[in-house]
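Report on the structure given below.
The values are calculated or read from the model by the stated rules, or taken from the named source; none is laboratory data. None of the values given here were measured: they were computed from a predicted structure. Don't worry about glycine lacking a Cβ; one is built from the backbone with ideal geometry, like all the others, and counts go over all protein chains shown.
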Amino acid sequence: MVLGDLQGAFLGVATGGASITPVDSDLSTPVRAIWVGTQGNLRVTTVSGDDFVLPNAVGLIPIAVRRVWATNTTATGIVGLQ
């Protein structure tokens, strides 16, 4: 089996992504990880329903989320990875 055949199935790598504008409603499609380009607070709701703020978030954050809140989010350059 070549590495290409394993895409995502075993490695858990992202196969897509899109910019996220924080809003106080669920994303159209949940994401498996978040990239934060500019450090700041990031309020999220996970796919299991937990709601919390990650203070001073920046870089790759490997959590599956269904919502990135505008309220209490100061981070920018947010990308959802699927």
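Counting only residues that are assigned to a strand (DSSP E or B) and closer than 21 Å to GLY16 by Cβ, which one in segment 31-40 is farthest from the chain's Cα centre (by Cα)?
Here is the first cut: in segment 31-40, the residues assigned to a strand (DSSP E or B) are 31, 33-40.
In the following step, the residues that additionally are closer than 21 Å to GLY16 by Cβ were identified as 31, 33-37.
Numbers: VAL31: 5, ALA33: 4, ILE34: 3, TRP35: 6, VAL36: 8, GLY37: 12 Å.
Restricting to residues being assigned to a strand (DSSP E or B) and closer than 21 Å to GLY16 by Cβ, the top hit is GLY37.
For every residue, the table says whether it meets (1) free of Cβ contacts under 8 Å to residues at least 24 places away in the same chain; (2) part of a strand (DSSP E or B); (3) at positive phi.
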residue	(1), (2), (3)
ALA18	no, yes, no
THR29	no, no, no
LEU42	no, yes, no
GLY49	yes, no, yes
LEU54	yes, yes, no
ALA57	yes, yes, no
ARG67	no, yes, no
ASN72	no, no, yes
ILE78	no, yes, no
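Among (1) modelled with pLDDT under 95; (2) surrounded by 13 or more Cβ atoms within 10 Å (Cβ to Cβ); (3) more than 13 Å from the chain's Cα centre (by Cα), where does ALA14 come up short? With respect to (1) modelled with pLDDT under 95; (2) surrounded by 13 or more Cβ atoms within 10 Å (Cβ to Cβ); (3) more than 13 Å from the chain's Cα centre (by Cα), ALA14 is out only on (3).
Can you tell me which residue in segment 53-74 is surrounded by the most Cβ atoms within 10 Å (Cβ to Cβ), limited to those that are in contact with a Lys or Arg (Cβ under 7 Å, 6 or more places away or on another chain), of a type in the set (A, V, I, L, M, F, W, C) and under 16 Å from ASP26 (Cβ atoms)?
At the first step, the residues of segment 53-74 found to be in contact with a Lys or Arg (Cβ under 7 Å, 6 or more places away or on another chain) are 53, 64, 69, 71-73.
Among the residues that remain, those that are also of a type in the set (A, V, I, L, M, F, W, C) are: 53, 64, 69.
Filter once more, keeping what is under 16 Å from ASP26 (Cβ atoms): 64, 69.
Values: ALA64: 16, TRP69: 18.
Across segment 53-74, the extreme among qualifying residues is TRP69.
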